[in-house]
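The values are calculated or read from the model by the stated rules, or taken from the named source; none is laboratory data. Keep in mind that what you see is a predicted model, and the values were worked out from it rather than measured. Heads up, the Cβs are rebuilt from the backbone with ideal geometry, glycines too, and the neighbour counts pull from every protein chain shown. Heavy atoms of the whole protein, side chains included, go into the accessibility calculation; ligands, DNA and RNA do not. Shrake-Rupley method; radii C 1.70, N 1.55, O 1.52, S 1.80 Å.
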Amino acid sequence: MAEHFFLSAYWLGTNFHWGALLFIMMPGQIERMDPDHRAESLGLITGLSAIVALVAPLFFGAMSDRCASKWGRRRPYMAVGIVVNVIGLLLMAAAFSSTKPIEASFPDSLFRNPGFMAYFAAYLVVQLGNNITSAAYMGVIPDLVPANQRGVASGWMALMSQLGTLFGAVGAGLLFGDLSPLAQFAVVSASLIIFGIITMAGTREVPLAEQPPKIHWGSYLRSLWIDPKVYPDYAWVWITRALVMLGFYAVLPFLNYYLVDIIGVNRDRVGTDAGILIALILIAASISGVIGGAMSDRIGRKQVVYISNAGIAVVALFFIAARDLNQAYLVGTIFGLFYGAYGAVDYALGTDVLPNKEDAGKDMAVWHVAMTLPQSIASPVAGALIAAYGATEFMYKGEKVVQYTHAGYSAVFVLCSVCFGLGAYLLRNVRGVR
């Protein structure tokens, strides 16, 4: 148990980081900077920045495979990535503190505003640093965990990820309102540093015996194409994960706005209510995640994914019908139960179908693209879809605010449902995994 805790501790730190940043801090900060186009702006900044998350792991995963440091293959890159990530967070704090509200049409509201561009550039640094660390870290379980324990390891990863997001979202929602931007970003930075140190200190990597040959980047880039005819199971797992992530990231960035526009949460306490909703989702996910990971070692990965993804496809539609906060809480809790079971199996399923265990860093980085590529597509599309159905303007405490329509959010939840349903259905094409 102690080994699994040390191995997974960084997931808690990095998900605290993303829980606070994506659920609470960025939605509120972008609304402050661009109140008239908050959905489009949030979707665009999260989508464009995901391109960094798409590209960086492909390079740094391979570089960590060939690292002959006495500290091991993965830990040196993890340390460098954490430092870059923290620098980016502090730059975001400085940019936000100096940016005034934007008064321009979208997308001029973004790209002709120096303050917003500085905020966006700093967020790209955050993405770069986090993905340097993650690219190396993704290779740790294939390196160190036997195949018959990967379901348990994946369950621990899901648990720590969900707890990190829980503490990040709830902590930011309840406490960050009284903190300065610099203090908020400092707390997030501390989570990365503390839990990164726990994992790096507790992970027993064996250094490579000799320096591997240098990477020939042309050959390496060609090797990123993993032929689906040769490795069909890997290809289908990649496709199904991409569909699930497409649905997830169509909804994730906009939950805060959904609570205000559809559920009618008071704007002054949306951080608290959003934190409670995320808490319920993740507590439920943490319970089902540990159980689902262990069960997948016994009954098979696919059975768990079929049930969880089909359940999410149905439950996502109930967000459309929710009309008050208690209903949203109930739907969120059921959503979390299904999503936790999927999250517990997701990583184990990926490691089960790797084409080459010796290139785990590179192959897991390609598999990780199934999460980052959909993010770069889903967030801008969902933001534009919400805005496409129109909005109403009114005054709130002397300031003009924009409220998006129920139809826009309904379209996004339908998109989410379809993606999860397809993710469950197409997994039937994977033949080499139970």
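Share of the chain's accessible area from carbon and sulfur, percent, 1.4 Å? Show your work: numbers first, answer last.
Values: 11660 of 17370 Å².
Whole-percent figure for carbon plus sulfur exposure: 67.
Checking understanding here: applying a Kyte-Doolittle mean of at least 0.0 and a length along the axis of at least 27 Å (C-alpha), which whole DSSP H helices in the chain pass?
38-65, 75-97, 114-137, 150-175, 181-202, 232-251, 270-299, 301-321, 325-352, 360-388, 406-426
For V170, what accessible surface area do you get with a 1.4 Å probe? Give it in Å², rounded to 10.
The accessible area of V170 comes to roughly 30 Å².
Using the Cα centre of the chain as origin and beta-carbon charges of +1 (Lys, Arg) and -1 (Asp, Glu), tell me which of V83, V381, G202 is placed farthest towards the positive end of the dipole.
G202
Sum up the lysine pairs in the chain that clear both bars: alpha-carbon distance under 22 Å and a spacing of 8 or more or different chains.
Close lysine pairs found across the chain: 11.
Based only on Cα atoms, what mean projected area does the convex hull of the chain have, in nm²?
19.4 nm²
If contacts are Cα pairs under 8 angstrom and at least 6 residues apart, what is the relative contact order of the chain in percent?
Once divided by the residue count of the chain, the mean separation gives 28 percent.
Between S219, S64, S288, where does the largest GNM mean-square fluctuation fall for the chain, given springs only between Cα atoms within less than 10 Å?
Sorting by GNM fluctuation, first place goes to S219.
At 222 nm, what value in deg cm²/dmol follows for the chain if DSSP H runs of at least 4 each add -39500 (n - 2.57) and the sum is divided by all its residues, to the nearest 500?
Calculated at 222 nm, the ellipticity per residue is -25000 deg cm²/dmol.
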